[in-house]
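Beneath this line is the structure, given in structure tokens, with notes to follow.
Read-outs: derived from the displayed coordinates by stated rules, not from any lab. On a predicted model such as this, the values are computed, not experimentally measured, just so you know. Note that each Cβ is placed from the backbone with ideal geometry, even for glycine, and that neighbours are counted across all protein chains shown.
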Amino acid sequence: MSDLLQRLLAERPWLLADGATGTSLFDRGLQHGDAPELWNLQEPEKIRAHYRSFIEAGSDIVLTNSFGGTANRLKLHGAQDRVREINAAAARLLKEEIAASGRTVVCAGSVGPTGDLFVPLGPLTHEEGVAAFRAQCEGLAEGGADVAWIETMSAPEELAAAIEGATAAGLPVICTLSFDTNGRTMMGVTPAQLPGLAHRAEPPPIGFGGNCGTGAAELVAALLPMADAAGPTDVLVAKANCGIPEFVDGEVRYNGTPELMARYAVLARDSGARIIGGCCGTTPEHVAAMRKALEETPPGDRPSLEQIVAALGSVSAGGRGEGPDPDSRRREGRRRRG
């Protein structure tokens, strides 16, 4: 089991992750509806170029092109019998680009949701989920992944199965949930509940946090209650979308500028995140601006919600903990003021 990520965290106050895989591959010709994971075999030079762009932008952690790499997702493209081959190729191409760069970069095996609901809401059992994630992670491990990067999760049941499957494959784990404008995941998990879920995992993940969602402001706001509920040695992760999606000339584009993402990176760090990157819409240009800001801006005080809004844009009522069923953020705030 690789300990590269743990060693870097022991040496550095923060690590910079990469940006968007989908945005990058669409710019390289991927068509909507196609499986990006198949490009690991069909278009390896384009995948190499994608990886290289984020390594050169200064990322300390780069994710493999394997988000939909379980058999559950690959069966939509008739590739369910190629799980190991596809995931091993995703990691191997990245490891080769890291070696060629001469930099120390973590190869993080991206593991996304299966797309299936778990029992009792759907047909997928815990055992089936564990097996699917284990098969994917065994491929990633074969290709040289240093860690399983379990991302964009919303259900505790699926998160637990993914962690168990990755651990069985011999990979340490980072996990992130996707929080929406109600201040919780699609399946109702709040940022304040995530540390408890992570602590109950065996073994617990190296780090946990949020990714994707509805923009940088919402994700930084979610870090505040997450940090309140986390332990003093917990490693928090922030990987926000690059602004808000907009339709431009028939294409989805994210409105976040490099300047906005630079402000986001600093605020995420000051809110408690030690691993900071971008998700949908985040390009190498954004990542380079984030690195420059993190290197040049001294650590500051934990921001207030008002400061987050002023710097990054609005935060929904749910993100503020002001919905009809307030989460622990409001209760924690009352305790701190008391």
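Some observations on this one:
- Cα centroid separation, segment 177-251 to segment 50-129 (Å): 20 Å
- Spin-label pair residue 128/residue 2, simplified geometry with 7 Å Cα→Cβ offset, distance in nm: 3.2 nm
- Per-residue HN-Hα couplings for segment 17-32 [Karplus 6.51, -1.76, 1.60; θ = phi - 60°; Hz; x = Gly/Pro]: 8, 8, x, 7, 7, x, 4, 5, 6, 4, 5, 9, x, 4, 9, 4
- Fully extending the segment from residue 252 to residue 81, taken as 0.36 nm per residue of separation minus the present Cα-Cα distance, adds 58.4 nm.
- Selection among 208, 72, 281 by position relative to the dipole of the chain gives 208 as farthest towards the positive end (Cβ unit charges, Cα centre).
- Zero-based 10 Å bins, Cα pair distances in segment 4-337, whole percents: 6, 28, 37, 24, 5, 0
- If the chain linking residue 307 and residue 96 were pulled fully straight, counting 0.36 nm for each residue of separation and taking away their Cα-Cα distance, it would gain 71.8 nm.
- Intensity falloff of segment 239-290 expressed as log10 I(q)/I(0), Debye formula with alpha-carbon point scatterers, at q = 0.18, 0.20, 0.22 Å⁻¹: -0.52, -0.63, -0.73
- Whole-number D in µm² s⁻¹ for segment 83-151, Kirkwood Cα-pair radius fed into Stokes-Einstein, 25 °C, 0.890 mPa s: 191 µm²/s
- Annotation: lysines with alpha-carbon distance below 18 angstrom to residue 95 (same-chain offsets under eight excluded): 46.
- Bins of 5 Å, starting at 0 and running to the largest distance - Cα pair percent for segment 229-329: 2, 12, 19, 23, 20, 13, 7, 3, 1, 0
- Counting beta carbons within 10 Å around each of 97, 43, 11 and listing the fewest first gives the order 11, 43, 97.
- Percentage relative contact order, segment 4-337, counting C-alpha pairs under 8 Å, at least six apart: 17 percent
- Intensity falloff of segment 120-271 expressed as log10 I(q)/I(0), Debye formula with alpha-carbon point scatterers, at q = 0.11, 0.20 Å⁻¹: -0.46, -1.20
- Mean residue ellipticity (222 nm) of the chain, computed from DSSP H runs ≥ 4 via -39,500 (n - 2.57), nearest 500: -13500 deg cm²/dmol
- Extending 7 Å from Cα along the Cβ direction at residue 31 and again at residue 119 yields two label points whose distance is 4.0 nm.
- Kyte-Doolittle at least 1.0, axis length at least 15 Å by Cα - qualifying DSSP helices, the chain: 216-229
- When segment 4-337 is described by a simple charge dipole with +1 on each Lys and Arg Cβ and -1 on each Asp and Glu Cβ, the residue from 272, 57, 186 located farthest towards its positive end is 272.
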